[in-house]
Each structure stands twice: as structure tokens, then as C-alpha cells.
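Only one structure is covered here, and it is reproduced in the block below.
The values are calculated or read from the model by the stated rules, or taken from the named source; none is laboratory data. What you see is a predicted model, and the numbers here were worked out from it, not measured in a lab. Quick reminder, even Gly has a Cβ in these numbers, built from the backbone with ideal geometry, and neighbours come from all protein chains shown. Remember, those area values only see protein heavy atoms, side chains included, never the ligands or the DNA or RNA. Shrake-Rupley method; radii C 1.70, N 1.55, O 1.52, S 1.80 Å.
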Amino acid sequence: MEDMTEPTYEDAPYTEQSLAQLALAATAQELADFLMGFVAVWTDYNPRPVEDAARFVRRAQELLDRAVIVEKTGGASWEDIGDTLEITRQSAHTKFRKVTEEWEAAVKRPIVTDEIYGITGGLETRTYNRMPAGTSTPDETAAYLDKWAVAHAQADGRDVDERPVSGGLTRMTPLVELMSLSTGALFEEFVSPPPHLMAEISEREAVLWDRIAAGPHPSRDAKKHAAAAHQKAATYRAQDAHAKSIAETQTPDQHASEHERRWPKEIYGPYRVFPDLATARDWCAHCNVWIGGR
């Protein structure tokens, strides 16, 4: 009998709700370890309990924020959240709107680069991951939490599954991941997104359509969509190669000086720098060119 089970792929990202659950679990684990310091009564072990308790209360608010995000990603309404907390729907929305918006923005585009609105002696950027602690490397976090949970359960004499955390996480199917892919976040960040970033999205689309075409429930047009995505990715890669071939071989500092001369005090967007290890170049999203020596 033909196996119609949807195959799983280790490179598939976790669903948004699984990431939210992982963020909650990581925060809970940190708080649990933090509270252990209150158990010992020796004064030299915990000399400032009020200060530490206040710190715990602040972290407990973060735990509540993470719990709200879990329920929201699971389909709960603001009215549901408000009823649980015995506050109004509007109060719940007001209280947790910022953290949920930050979560949604991070999930949409995790890795971002700090903005520079002026040039003072060269290009300076800082690329970082906006996802909550633990969710930027979910597999590592889940493996660590598995060991932590098993060790505590065994110490208490309780039976527990060997994968109490990772076993509950769900990866996206190719179709679900396709629905999550979007260039919208790039166009929010760039007037003209760098072609190498557009190529990465198209290449992933091609992989996913290929998987759907080879899967147990292939879409009728999956092969056609896969071919179109491969072609689109190749076009973006060609554009990127052309941009690199004609880019000036300026150092970042030289480019900063030239950029300021051409657009004094009119930096839009502004700089976003992406390391390109193959050619030791960086991308200036405002000028739409690669910079740096060959």
C-alpha cells in the first residue's frame, strides 16, 4: 500500500506557534533556575533577596508576555485573553499590543541591521537577530531543554518522555512554509531590495515547490511553479553578479565619504550592510551597489 504520509524535512522551520512555545519554555526554565537561589537561607548565598525578588517579578512579566503570544498564535482572541486575566478586551490589547507586534515583526524578518542616519567617519552597522532568546537557534534550545526537563523529572522520581520539549514542536510542511515566505518585509526595509536577498527567497520557493511536486499530494501546477521559481532565482543571481562586476572597488570609508558628498543629509533607508564572504564586499542598499575591495 502506498505511503501517503507527508514527509518531514529537518531544514524546515518550526511553525510560529512552536517557536512561541519554545520561547515560553526557555523563559520558564531560566526563571526556575533563578528561583533556586531563594531556597538556600544562608545570607552569603542570597544577600539581597528583595532586589532579586524584584528582578524575578520583572522576568515573570516576560513569562506572561510569552504565554500571551503562545495563545495568540494558537488563535485566541483579545477577548479570550482578557477573560482569563479578568480584564477587558481593550485592556488586554493595550497591555500586550507592543510585545505581540514585536513578535510578529521578528517572525516576519528575524535578522535586521541597525539604521545609520548620518555618517561620522565611516560605515557602522550592527546585524542582529530580533527573535527572543532561545528561538534564534531553536534546535539547540530544544535539545538543551529536553535534557533539563528529563534531569529534573528523574531527580523527582517522575517518568518523562526523553523529548519532552522537542517532541512537542512542529515543523512547517512545504505548503505552509510557502505561504509564510514573502518579499513584503524586504520592501518595507528597502526601496530596492538587494538581488541576493530576493534570490534567497526565490531559491527557497523552488526547493519547496520541488518537494510538493515529489510529495504524496502533489499540486497539479507544482512543477510549473518550481520551474518559475528556479528561473526567478537565476535572474536575481545574474543581477547580483552584474552589480558586483560593475561595483566600484571602494573601501567602506571611501564609500561613506562619496555617499555623503552625493546625498548630503539625505540618506534614505539608510545603510544596510551584508557580508559577502566570497568577494569581501558589502552591500549599500541606498546606492544599490556592492562596496569593498576585491
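So how far apart, in nm, are the two label points at Arg97 and Glu30 if each is 7 Å from Cα heading toward Cβ?
A separation of 2.6 nm, rounded to one decimal place.
If you count only protein heavy atoms with a 1.4 Å probe, what accessible area per residue comes out for segment 134-210, rounded to a whole Å²?
In whole numbers, segment 134-210 has 54 Å² accessible per residue.
Quick one: if the Förster radius is 51 Å, what FRET efficiency do Ala40 and Thr8 give, using the C-beta to C-beta distance and rounding to 0.05?
My answer for the efficiency is 0.70.
For segment 174-234, which whole percent of the accessible surface, found with a 1.4 angstrom probe, sits on carbon and sulfur atoms?
Details: 1850 of 3210 Å².
On segment 174-234, the fraction of accessible area on carbon and sulfur atoms equals 58 percent.
Show the residues, 5+ positions off or on another chain, whose built amide H is closer than 5 Å to the amide H of Ile291.
Counting only residues 5 or more places away or on other chains, the set is Asp282, Trp283, Cys284.
Taking 8 Å as the Cα distance limit and 6 or more residues as the minimum spacing, I'd like the relative contact order of segment 122-187 as a percentage.
That works out to 22 percent.
Could I have the simple spin-label model distance between Gln154 and Arg220, label points 7 Å from Cα toward Cβ, reported in nm to one decimal?
Placing both labels 7 Å beyond Cα along the Cβ direction yields 5.5 nm.
Please list Tyr236, Tyr144, Tyr14 in order of solvent-accessible area, largest first, computed with a 1.4 Å probe with all protein chains present.
Tyr144, Tyr236, Tyr14
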